[in-house]
Every structure is written in C-alpha cells, then in structure tokens.
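Visitor: This is the structure I want to talk about, given as structure tokens.
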Amino acid sequence: FLSWLDFLDELVLGAHPLVADAITEAVEEKFFLGILQPQLLEMSELAVLGATAVLAGTVRQLRSPALLQRLVLFLLGPQRLPETPGDSPHPLRAQLIDRCDHLCDEISLASLRLFEELLRKPHEHVAHNLVLRNLEARAYLQRSPHVSEERGPPETDPEEDGLELEEDPYFTDGFPDDFGATKNPSPASGRGRVSEVVSR
C-alpha cells in the first residue's frame with residue numbers, strides 16, 4: 001500500500017496540473033471516500049484502529065501539496081469560521097477528535113498520532129481548522145504591532161529598598177530542650193494526667 005501511495009504521490013508531484021488534479025480527485029473518490037471513510041466510521045474497534053493507523057501513515061508519507069490538500073479537506077472539512085454550539089461539525093473531524101479520548105487506549109493513541117502527523121505538515125488549513133479558528137473570534141491573537149524585545153532592567157519599588165525583615169518573637173530558637181516532651185508518670189501511682197493515660 002505504501003509503495004502504491006508513494007508512486008501516486010510522486011506522480012502527482014511531477015505531473016501536469018490537469019493530470020495531477022484528475023489523479024487527486026480519483027484518489028479522494030476511490031480511496032478516501034470509498035475505503036477509508038467507511039472504515040473510520042465503523043463500530044468495530046479493530047477496523048477503526050487499522051484504518052486510523054493507515055491514515056496516520058498516509059498523512060506522514062504524503063508530500064505533494066495537491067494530495068495533501070484533498071486529504072486535509074477530507075479529514076477536517078472546509079470550515080474556517082469559529083465553532084459555535086449550534087453548528088453541525090464535519091462528521092469525520094468530530095469523530096476523530098472524540099476518539100482521542102476513547103475507552104480503548106490503542107484507539108486513543110492512534111488518533112493522537114494521527115493529529116500529531118497532521119500538525120507536523122506545513123499546511124495552513126490544518127492549523128487554522130484545529131486551533132486558530134476557535135481562537136480568532138475570542139481575541140486570543142495578538143493584533144498589536146511588534147514590541148521591541150529590548151527592555152531595561154526591572155524597576156524597583158523605592159519603598160522595598162530599605163525594608164528589613166523583623167524577627168518574629170513567636171518563632172525563636174530559644175525553646176528549652178525538653179519542650180513538648182511528655183513525662184512518664186511514676187509506675188507506683190498507677191495514675192497520670194488524662195493526656196498521658198489516653199496516649200498509652
């Protein structure tokens with residue numbers, strides 16, 4: 001499979017744009033939608049695990065921008081606007097994200113590896129779809145001009161310069177050596193203080 005994928009990847013890289021577009025469209029239709037999507041939406045844990053591992057390997061191996069673009073849109077969808085609670089998410093994206101916290105640890109790890117491989121790719125839509133689209137609307141992005149990194153020494157408060165710590169009279173080293181030690185009552189009396197009797 002990986003040899004076939006590498007062949008198609010090289011073919012798309014070196015082909016005329018019209019031929020490359022036809023190949024990527026066929027790969028999306030026959031492989032992504034025809035084979036991978038049904039396996040990824042399966043209920044069987046073994047099928048899901050295998051399909052997720054194949055998908056992570058596919059993402060890792062792809063180098064052609066055209067095939068990578070089709071794969072990213074297949075997995076994440078074309079949405080670029082911030083997510084809101086009433087929106088219907090891209091079904092495959094939502095399923096893959098939910099599987100990162102699956103009951104089966106192997107499926108969770110395979111899903112996390114898939115997203116790790118996706119985030120390693122130099123593709124703008126991956127970062128935007130998974131992270132930035134939800135940060136932009138909430139003003140988490142810094143939109144101010146770049147501030148110079150050269151800063152002077154931190155300013156000191158003039159009142160702090162002359163402060164000296166006072167000694168706390170309650171915490172001194174002058175405690176007697178037997179402070180806090182309990183004395184054993186004499187065995188002849190058979191009695192002691194209540195705290196000593198209870199602690200025996």
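Visitor: From the list 49, 68, 118, 62, which one is surrounded by 18 or more Cβ atoms within 10 Å (Cβ to Cβ) and under 18 Å from the mean Cα position of the chain (by Cα)?
Guide: 118
Visitor: Continuing with the same structure: Within the set of pairs 6 or more residues apart or between chains, which connect a residue that is in contact (Cβ under 8 Å) with a residue 40 or more places away in the chain inside the range 1-21 to a residue that is in a helix (DSSP H, G or I) and of a type in the set (Val, Ile, Thr) with Cβ atoms less than 8 Å apart?
Guide: Here the result reads 1/54; 5/58; 8/23; 8/27; 12/23; 12/24; 20/12, each pair linking the range 1-21 to a residue that is in a helix (DSSP H, G or I) and of a type in the set (Val, Ile, Thr).
Visitor: Does residue 28 satisfy being touching an Asp or Glu at 6+ places or on another chain (Cβ under 9 Å) and touching a residue at least 40 places away in the same chain (Cβ under 8 Å)?
Guide: On the way: touching an Asp or Glu at 6+ places or on another chain (Cβ under 9 Å): no; touching a residue at least 40 places away in the same chain (Cβ under 8 Å): yes.
Against the criterion (touching an Asp or Glu at 6+ places or on another chain (Cβ under 9 Å) and touching a residue at least 40 places away in the same chain (Cβ under 8 Å)), residue 28 does not qualify.
Visitor: May I pose another question? Give the range 1-51 a look and list any residue that's hydroxyl-bearing (Ser, Thr, Tyr) and either modelled with pLDDT of 95 or more or more than 25 Å from residue 120 (Cα to Cα) (or both), or say none. If you could, list the steps in order and put the result at the bottom.
Guide: So the first thing to find is which residues in the range 1-51 are hydroxyl-bearing (Ser, Thr, Tyr), and the list is 3, 24, 44.
Selection gives 24, 44.
Visitor: For the range 78-125, give me each residue that is under 24 Å from residue 66 (Cα atoms) and of a type in the set (Ser, Thr, Tyr).
Guide: Passing the criteria: only 111.
The values are calculated or read from the model by the stated rules, or taken from the named source; none is laboratory data. Keep in mind that this is a model prediction, so the values were computed, not measured. Every residue, glycine among them, receives a Cβ derived from its backbone with ideal geometry; neighbour counts consider all protein chains shown.
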